1. Search the range 46-59 for residues being polar (S, T, N, Q) and surrounded by 13 or more Cβ atoms within 10 Å (Cβ to Cβ), and hand back the single one that is farthest from Ser83 (Cα to Cα).
2. Any idea how many residues of the range 168-199 are farther than 16 Å from Ser153 by Cα and surrounded by fewer than 20 Cβ atoms within 10 Å (Cβ to Cβ)?
3. Applying the selection to the range 217-239, what residues are among the small types (Gly, Ala, Ser) and either surrounded by fewer than 20 Cβ atoms within 10 Å (Cβ to Cβ) or out of contact with any Asp or Glu (no Cβ under 9 Å at 6 or more places or on another chain) (or both)?
4. Out of curiosity, is Arg62 touching a helix residue (DSSP H, G or I) at 6+ places or on another chain (Cβ under 8 Å), charged (D, E, K, R) and either crowded, with 19+ Cβ neighbours inside 10 Å or at positive phi (or both)?
5. Only one residue in Val107, Val132, Val143 is within 22 Å of Val77 (Cα to Cα), at pLDDT 95 or above and surrounded by 16 or more Cβ atoms within 10 Å (Cβ to Cβ), so which one is that?
6. Could you name every one of the strands (runs of 3 or more DSSP E) located completely within the range 35-138 that has at least 3 residues being farther than 28 Å from Val184 by Cα, of a type in the set (Val, Ile, Thr) and without any contact (Cβ under 8 Å) to a residue 60 or more places away in the chain?
7. So which residues in the range 188-225 are among the polar types (S, T, N, Q) and in contact with a strand residue (DSSP E or B) (Cβ under 6 Å, 6 or more places away or on another chain), if there are any at all?
8. Exactly one condition in (1) over 22 Å from Val7 (Cβ atoms); (2) over 18 Å from the mean Cα position of the chain (by Cα); (3) not basic (Lys, Arg) is not met by Ala260; state its number.
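The values are calculated or read from the model by the stated rules, or taken from the named source; none is laboratory data. The structure presented is a predicted model; accordingly, all values stated were derived computationally and were not measured. Backbone-built Cβ (ideal geometry, glycine too); neighbour counts: all protein chains shown.
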Amino acid sequence: MSAPPRVLTVAGSDSGGGAGIQADLKTMLALGVHGMSVVTAVTAQNSLGVQGAWELPVEAVRAQYRSVVDDIGVQAVKTGMLSSAELVEAVAELIAGTDAPAVVDPVGVSKHGDPLLAASALASVRERLLPVATVATPNLDEVAQLTGVRVESEGQLKEAAAAVLSYGPRWVLVKGGHLPGDAVDLLTDGTEEHWLRAPRHDNRHTHGTGCTLASAIASQLAKGRTVPEAVAAAKEYVTGAVAAGFALGGGIGPVDHAWALRTGTPSA
């Protein structure tokens, strides 16, 4: 049997299993691709927040990446938590030398508001990481952190997207999930615009939403879909995962990465 498409996540570990590389690998399995990982940091994390984080050395991150890419190969790369400028720059260099689409989730803070990106790394994200991204997937807080543009209404999503695109990604998906009303996102390359809407589910258990969406996009790109096709399919998958999110521990539970497997929904 031939191997399925291969996707590499470069991200931090979430000990609670709801976000980070754990969420990425669950998403990839659910969508029928082979997930691989480069661990950038280890966190002590649960439903209540992040109690501690320990960044791995740059040489350990680089060695993991080269080990996977040089032998197994990849059809897509997804990045998540990169907490320092040194890590951001090393990963950007690795991605630039890899012939595969890259989905960059510029993780700035956790679902609970815990900072996951050093302020000193912001310039490296703007100048080194975003320019090598096929798709960047910032939420509204990350847009403000990176560009200074604060979005308070759907009409401002275009301004936010243009501000992110100015740093060089081929496409940007500005996630408007923090706005009232339907969950609306804007995908654009500066020429095309794709508005993606989904009903907002009354469910507070949404830990891992951003990681899951970015990994779903990477999985669909690895299957050969175009960026608009990949993002639309990923949006559908993550909407179902949010709807099925469940309580875990005493705080915010995770989205359900296995919802499509349970319902028999095709992963294609």
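1. Filtering the range 46-59 down to residues polar (S, T, N, Q) leaves 46-47, 51.
Applying the additional criterion that residues be surrounded by 13 or more Cβ atoms within 10 Å (Cβ to Cβ) yields 46-47.
On the way: Asn46: 19, Ser47: 21 Å.
Among those that are polar (S, T, N, Q) and surrounded by 13 or more Cβ atoms within 10 Å (Cβ to Cβ), it is Ser47.
2. So the answer is 10.
3. At the first step, the residues of the range 217-239 found to be among the small types (Gly, Ala, Ser) are 218-219, 222, 224, 230, 232-234.
Of everything in the range 217-239, those that are among the small types (Gly, Ala, Ser) and either surrounded by fewer than 20 Cβ atoms within 10 Å (Cβ to Cβ) or out of contact with any Asp or Glu (no Cβ under 9 Å at 6 or more places or on another chain) (or both) turn out to be Ser219, Ala222, Gly224, Ala230, Ala232, Ala233, Ala234.
4. Criteria not met by Arg62.
5. Being within 22 Å of Val77 (Cα to Cα), at pLDDT 95 or above and surrounded by 16 or more Cβ atoms within 10 Å (Cβ to Cβ) holds for just one of Val107, Val132, Val143, which is Val132.
6. none
7. The initial filter retains those residues of the range 188-225 that are among the polar types (S, T, N, Q), namely 188, 191, 203, 206, 209, 212, 215, 219-220.
Scanning the range 188-225 gives Ser215, Ser219.
8. In the conditions (1) over 22 Å from Val7 (Cβ atoms); (2) over 18 Å from the mean Cα position of the chain (by Cα); (3) not basic (Lys, Arg), Ala260 misses (1) alone.
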